[in-house]
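Trainee: To start, I am sharing the structure in question, which I have written as structure tokens.
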Amino acid sequence: MDEARIKEALGKIEDPVDNNTLKANDAIRHIGVEDDKVTLLIGMRDPDDQKAKQKLRRELASVIKRELGFKGVRVEFEPLKKQGSVLERDVRYIGIASGKGGVGKSTVAANLALALQRIGKRVGIIDADIYGSNIPVILDMPIELPGADENERIRPFEKHGIEVSSTEFFIKEDKPVMWRGPMLSKMLNHFFYDIGWSEDVEYLIVDLPPGTGDVAIDIQKYVPSCKMVIVTTPHPSASSVALKAGLAARELDHDILGVVENMSYLDHGDERLKIFGEGGGDAVAQKLGVDVLQRIPVGQPKSGHHSLFGAEEEIGVLYLGLANKLIKSL
């Protein structure tokens, strides 16, 4: 794999500021390969040191072009910022992943966060589904720029007792996100290094993009201990790609907690209608060697809300059960 070969070669280069290798500093934030060109996002101790930056850029280009034989290289730098971030705390990360869009992954993420909050846990949501971020919409949050706290960190918004950060808060309203690898990694940096998550946050739900793209891969660099929940519907077209998302997560050494089969059935009188087919959740779970954690039916919240279920509703109770299972497994 080109990325692994490039990372190994670049890892020996030293940051001129502290003389630590890029590998030791965990400074190789993103590697993208397209045809014969390489795109890099590199963390530096002091990216404002222009002399050091130029030296590092030359060394990176030398390895990429002369040693590895690529024709072009584009390098972006960002500061290394781990000290004082949420990554230094004892926080449990739960990644919500799916193979394709439209399976209700973000709705599952939001209702799971709400269920955890209802049973007394302090919860935050990272809306890392950068191209299709809609957690603020699900939670009925206004889209506005966040402020900063006394430590100059970005203050997360809060709704229903849940702290939230989303790409939606950093872009112009209704403007599509058309970013590539380095920009995606910079957004992840904001979520983990720049957001002033409360000191008592116990769980961070990470709503990942569908599929196996840059964000799904890069999340491993920030949170190697992230535990994954795979969301699918019963339909084969969803479950077949959900399996790929699960296998990709496993290849990145993430533990898979289990599968949630969303839109599992529709209660119609005394009958359960399998309107999206059946067996998809079981198929994914069996091939991944995990359990189906919960089957969530099709339903409309009785409160009139478009996405969030009350604690006393049947589907709300199912989410409470899911939350309790995850707490026990963690």
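Trainee: Fewest first, what order do Thr107, Thr232, Thr21 take by the number of other Cβ atoms within 10 Å?
Mentor: Fewest to most other Cβ atoms nearby, the residues stand as Thr21, Thr107, Thr232.
Trainee: Jot down the radius of gyration and Dmax of region 82-125, Cα atoms only, both in angstrom.
Mentor: Reported Rg and Dmax, both Å: 13.0, 37.
Trainee: Considering the options Gly124, Ser62, Leu10, tell which one lies farthest towards the positive end of the dipole of the chain, charges being +1 on Lys and Arg and -1 on Asp and Glu at the Cβ, about the Cα centre.
Mentor: The listed residue farthest towards the positive side: Ser62.
Trainee: Can you tell me what share of the DSSP beta bridges in the chain is antiparallel? A percent to the nearest 5 is fine.
Mentor: So the antiparallel bridges in the chain amount to around 25 percent.
Trainee: Using the alpha-carbon centroid of each, what span in Å lies between region 270-308 and region 233-256?
Mentor: Here the answer is 16 Å between Cα centres.
Trainee: Ok, one more. Please list, in chain and number order, the residues 5+ apart from Val292 or on another chain whose amide H is under 5 Å from its amide H, with Hs placed from the backbone.
Mentor: Those lying under 5 Å, H to H, from Val292 are Val259.
Trainee: Another one. Please find, in a Gaussian network model of the chain (springs between Cα atoms separated by less than 10 Å), the residue of Ser62, Ser133, Ser225 whose mean-square fluctuation is greatest.
Mentor: In the Gaussian network model the winner is Ser62.
Trainee: Per DSSP H run of n ≥ 4, the term is -39500 (n - 2.57); total these for the chain, divide by its residue number, and report the mean residue ellipticity at 222 nm rounded to 500 deg cm²/dmol. Write out the running numbers ahead of the final one.
Mentor: Working: 9 runs with 99 residues, N = 330.
It lands at -9000 deg cm²/dmol.
Trainee: Here's another thing I want to ask about it. Gaussian network model of the chain, Cα springs within a sub-10 Å range: biggest mean-square fluctuation belongs to which of Ala249, Ala113, Ala311?
Mentor: Checking each option, the largest mean-square fluctuation is seen for Ala311.
Trainee: Follow-up. Residue by residue through region 303-316, which ³J(HN,Hα) values in whole Hz follow from phi under the Karplus form 6.51 cos²θ - 1.76 cosθ + 1.60 (θ = phi - 60°), with glycine and proline marked x?
Mentor: 6, x, 5, 7, 9, 9, 9, x, 5, 8, 6, 4, 6, x
Trainee: With a cut-off of at most 16 other beta carbons within 10 Å, and DSSP calling the residue loop, which trypsin sites (Lys or Arg not before Pro) in region 55-96 qualify? Please list them.
Mentor: Passing sites in region 55-96 are Lys71, Lys81, Lys82, Arg89.
Trainee: Considering the options Pro142, Ala109, Ser85, tell which one lies farthest towards the positive end of the dipole of the chain, charges being +1 on Lys and Arg and -1 on Asp and Glu at the Cβ, about the Cα centre.
Mentor: Highest projection toward the positive end goes to Ser85.
Trainee: Explain nothing, just the number: dipole magnitude of the chain about its Cα centre with +1 on each Lys and Arg Cβ and -1 on each Asp and Glu Cβ, in debye rounded to the nearest 20.
Mentor: 920 debye
Trainee: Let me ask something else about it. Cα-Cα over 25 Å: which of Lys12/Lys37; Lys65/Lys244; Lys100/Lys159?
Mentor: Cα-Cα > 25 Å for Lys65/Lys244; Lys100/Lys159; rest within.
Trainee: Once amide H atoms are built 1.01 Å from N in the peptide plane, which residues 5 or more positions from Ile28, or in another chain, come under 5 Å H to H?
Mentor: Result for Ile28 returns Gly43.
Trainee: Normalising by the residue count of the chain, find the relative contact order in percent from Cα pairs under 8 Å and 6+ residues apart.
Mentor: 17 percent
Trainee: Which whole-Hz ³J(HN,Hα) couplings does region 266-271 yield from phi under the Karplus relation 6.51 cos²θ - 1.76 cosθ + 1.60, θ = phi - 60°, glycine and proline marked x?
Mentor: Once rounded to whole Hz, the list reads 10, 6, 9, x, 8, 10.
Trainee: Follow-up question, since we're still on this one. If you bin every alpha carbon distance in region 1-107 into 10 Å steps from zero, what whole percent lands in each bin?
Mentor: 13, 38, 26, 18, 5
Trainee: Give the span of the chain's Cα atoms along each principal axis, as three whole-Å numbers ordered largest to smallest.
Mentor: Extents along the principal axes, in whole Å: 72, 45, 38.
Trainee: Output wanted: per-residue J couplings in Hz (rounded whole) for region 32-42, from phi through Karplus 6.51 cos²θ - 1.76 cosθ + 1.60, θ = phi - 60°, x for Gly and Pro.
Mentor: 3J(HN,Hα) across region 32-42, in whole Hz: x, 10, 9, 6, 10, 10, 10, 10, 10, 10, 10.
Trainee: Same structure, new question: Would you mind telling me which residue in Asp49, Asp291, Asp218 has the biggest mean-square fluctuation in a Gaussian network model of the chain, where springs connect alpha carbons within a distance under 10 angstrom?
Mentor: Maximum fluctuation in the GNM of the chain, among the listed residues, is at Asp49.
Every number in this text was worked out from the coordinates using simple rules, so none of it is lab data. Since the model is a prediction, treat every value here as computed from it, not as a measurement. Note that each Cβ is placed from the backbone with ideal geometry, even for glycine, and that neighbours are counted across all protein chains shown.
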